[in-house]
Amino acid sequence: MSAILEVAGLTRLHGPGCARCVDATGPAAGTNVCPHCGTVVACADVSLTLMRGEVLGVMGESGSGKSSLVRLLYGDDVPTSGSIVYHDARGDKEGGTDLLALNAQQARRLRNRHFGVVYQNPHLGLNFRVSAGGNIAERLLMNGELRYAHIRERAMQLLARCEVPAARMDELPGRFSGGMQQRVQIARALATDPPLLFLDEVTTGLDVSVQARILDLILELQHQLGVSMIAVTHDLGVIRMLAARTIVMKMGRVVETGLTDQILEDPQHPYTQQLVASAL
Ligand SMILES: Nc1ncnc2c1ncn2[C@@H]1O[C@H](COP(=O)(O)OP(=O)(O)OP(=O)(O)O)[C@@H](O)[C@H]1O
Ligand SMILES: [Mg+2]
Ligand SMILES: [Zn+2]
């Protein structure tokens with residue numbers, strides 16, 4: 001197995017920053033706000049490797065930095081320091097692509113083609129002013145596909161695969177249920193066949209039965225298409241179902257990392273023990 005994404009020392013500070021921000025925050029300090037300068041340390045020194053075809057889980061309490069991490073990886077936000085290297089299966093150059101060294105246009109092109117994202121809030125991931133099919137078309141257009149008939153057929157295919165009835169293709173997402181909106185987001189994220197997907201609380205807030213069907217769909221995508229994924233959730237049941245390996249975050253730091261089964265059955269870090277115990 002080879003790595004698709006290698007992240008090292010990823011740090012994102014919100015505020016003026018000072019020499020002591022990182023040392024004065026984190027689980028041991030019990031805060032993610034620097035007492036010296038008031039800077040919020042959204043994440044600090046996060047390192048991880050995602051293997052090709054793997055689903056890596058990210059769990060942790062609210063405010064632990066999970067969404068911040070996803071935003072940095074997807075390129076919605078820029079880290080204060082650290083590195084992100086992406087390895088393209090299709091003729092990767094030796095050593096991979098340093099995402100943070102790309103200019104804005106290169107970064108946009110790479111992410112449109114290679115990355116997909118599904119947000120907890122469908123309003124962040126979908127354009128509510130255009131139809132379900134139009135949301136998929138947008139991504140294909142960004143990727144240079146201009147043939148109308150192709151776009152329409154591809155949109156229909158993707159919606160079908162995500163179990164959105166073809167008859168609803170021309171409806172606005174605002175008329176859909178929450179579960180259906182997530183399906184359209186997944187279809188949109190898959191439009192360019194990206195090898196890498198970021199899922200941020202993709203089933204949070206949905207009915208249990210709807211959750212189960214969306215998780216099934218995600219697992220199917222992983223098995224059939226071999227998509228690599230980073231799946232953020234504070235739901236241990238979701239982590240158990242999706243991710244073979246998991247990292248646990250607290251106050252912006254990774255406090256534990258390992259096989260999901262081991263983490264859930266024999267957590268090493270006191271914080272993870274507490275998370276697991278409180279979910280029983
Ligand atoms: N733009 C910002 N400015 C200041 N602080 C921010 C900003 N974005 C995030 N933070 C802070 O960074 C910390 C991590 O937030 P983040 O949204 O990553 O947490 P999370 O683990 O996704 O939480 P949740 O489970 O509630 O979604 C929080 O303390 C948050 O308030
Ligand atoms: Mg979040
Ligand atoms: Zn500081």
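When only alpha carbons are used to place a centre, region 1-36 and region 137-174 end up 40 Å from one another. The loop-placed trypsin sites (Lys or Arg not before Pro) in region 49-137, going by DSSP, that have at most 14 neighbouring Cβ atoms within 10 Å of their Cβ come out as Arg90, Lys93, Arg129. Using the Cβ-Cβ distance between Ser2 and Asp76 with R0 set to 25 Å, the FRET efficiency works out to roughly 0.45.
The protection proxy used here, the mean number of other Cβ atoms lying within 10 Å of each residue, ranks peptides 40-49, 180-189, 208-217 as follows, highest first: 180-189, 40-49, 208-217.
Counting only cysteine Cβ atoms and a cutoff under 4.7 Å, the chain contains unmatched residues Cys43, Cys162. Approximating the spin labels as points 7 Å out from Cα along Cα→Cβ, the Ser47-to-Ala104 distance works out to 3.3 nm.
Taking the longest Cα principal axis of the chain as reference, the axis of helix 208-225 is set at about 80 degrees.
Once Rg and the Kirkwood radius are both taken over the C-alpha atoms of the chain, their ratio Rg/Rh works out to 0.97.
Read-outs: derived from the displayed coordinates by stated rules, not from any lab. Computed from a prediction, not measured in an experiment: that's the story for all the values here. Note that we place each Cβ from the backbone using ideal geometry, even for glycine, and neighbour counts take in every protein chain shown.
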